[in-house]
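Asks: Take this structure, written in structure tokens, and hold onto it; I'll ask about it next.
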Amino acid sequence: TQSKVASDGSLFFVGTWDNMFRAIDAESGKVVWSHKFGKSRGGAFSFYFAPAIGSPTVGDGKVFISSNDGLLHAVDIATGKIAWETPQSHQLGYCGPLYRDGRIYQGPLAGQVYCFDAHDGSILCPAGTGSAIYEKAAVPAVV
């Protein structure tokens, strides 16, 4: 993996080059649940599309991770079930998402930043940045 690991205090969350996204128990080191993310346009799993570049983030009882096939995934931490996923048309993936106040902020290569409702994944607002965004997560501003 080249991304950072996220934690909710009892589980660690990490995406890896084998296309797996895992929740690992911090005490025992055992995998609690996992998902395979990152399909090529042809539908096959490929490390080129793995959830290993953007770092995951935690909030609203979920962990959020983007995969390089353009999707943002929200996984319920308690059950390990996928809560929602964005449509591939947004082309998310390289940047790690940011959780803040019930919202997820994510920027794709195209230079558009999206704000999603963390509860259901609906788009609250898009905003252009004027340039490409590559491999960096959004950061909150202090005002």
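Asks: On the protein heavy atoms, probe 1.4 angstrom, tell me the percent of accessible surface of segment 1-61 carried by carbon and sulfur.
Replies: Working: 1730 of 3310 Å².
Carbon with sulfur: 52 percent of the solvent-accessible area.
Asks: Further question on the same structure: How long is the gain from D8 to D117 if the chain were fully straight, where each residue apart is worth 0.36 nm and the alpha carbon distance is subtracted?
Replies: 37.3 nm
Asks: Hey, another quick one. Rounded, prolate or oblate for segment 1-113? Axes are the square roots of the Cα gyration tensor eigenvalues, ordered a ≥ b ≥ c, and the cut-off for rounded is a/c under 1.5. Intermediate values should be presented prior to the final figure.
Replies: Details: a/c = 1.79, a/b = 1.27, b/c = 1.41.
Because a/c hits 1.5 or more and a/b fails to exceed b/c, segment 1-113 counts as oblate.
Asks: Report the net charge of residues surrounding W84, where surrounding means a beta-carbon distance below 12 angstrom and charges are Lys +1, Arg +1, Asp -1, Glu -1.
Replies: Net local charge, W84 excluded: -3.
Asks: Whole angstrom only: what separates the Cα centroid of segment 12-48 from the Cα centroid of segment 64-106?
Replies: A separation of 14 Å, based on Cα centres.
Asks: Something else now. Which net charge results when you count Lys and Arg as +1 and Asp and Glu as -1 among the other residues whose beta-carbon is under 15 Å from that of F116? Display every interim value, and only then the final one.
Replies: Values: positive: K62, R100, R103; negative: D60, E85, D101, D117, D120.
Its environment carries a net charge of -2.
Asks: How large is ³J(HN,Hα) for each residue in segment 8-18, as worked out from phi by the Karplus curve 6.51 cos²θ - 1.76 cosθ + 1.60 (θ = phi - 60°), to whole Hz, x for Gly and Pro?
Replies: For segment 8-18, the Karplus curve yields 9, x, 10, 10, 9, 10, 8, x, 10, 5, 8 Hz.
Asks: State to the nearest 20 debye the size of the charge dipole of segment 1-99 about its Cα centre, where the only charges are +1 on K and R beta carbons and -1 on D and E beta carbons.
Replies: 240
Asks: Next question, about the same structure. If we count every other residue with Cβ under 10 angstrom of V32's Cβ, Lys/Arg +1 and Asp/Glu -1, where does the sum land?
Replies: Spelling it out: positives minus negatives among the neighbours equals +1.
The values are calculated or read from the model by the stated rules, or taken from the named source; none is laboratory data. Keep in mind the model is a prediction, meaning the values are calculated, not measured. Cβ sites come from the backbone with ideal geometry, for glycine too, and all protein chains shown count toward neighbours. Accessible surface is based on the protein model in full, side chains and every heavy atom, while ligands, DNA and RNA are left aside. Shrake-Rupley method; radii C 1.70, N 1.55, O 1.52, S 1.80 Å.
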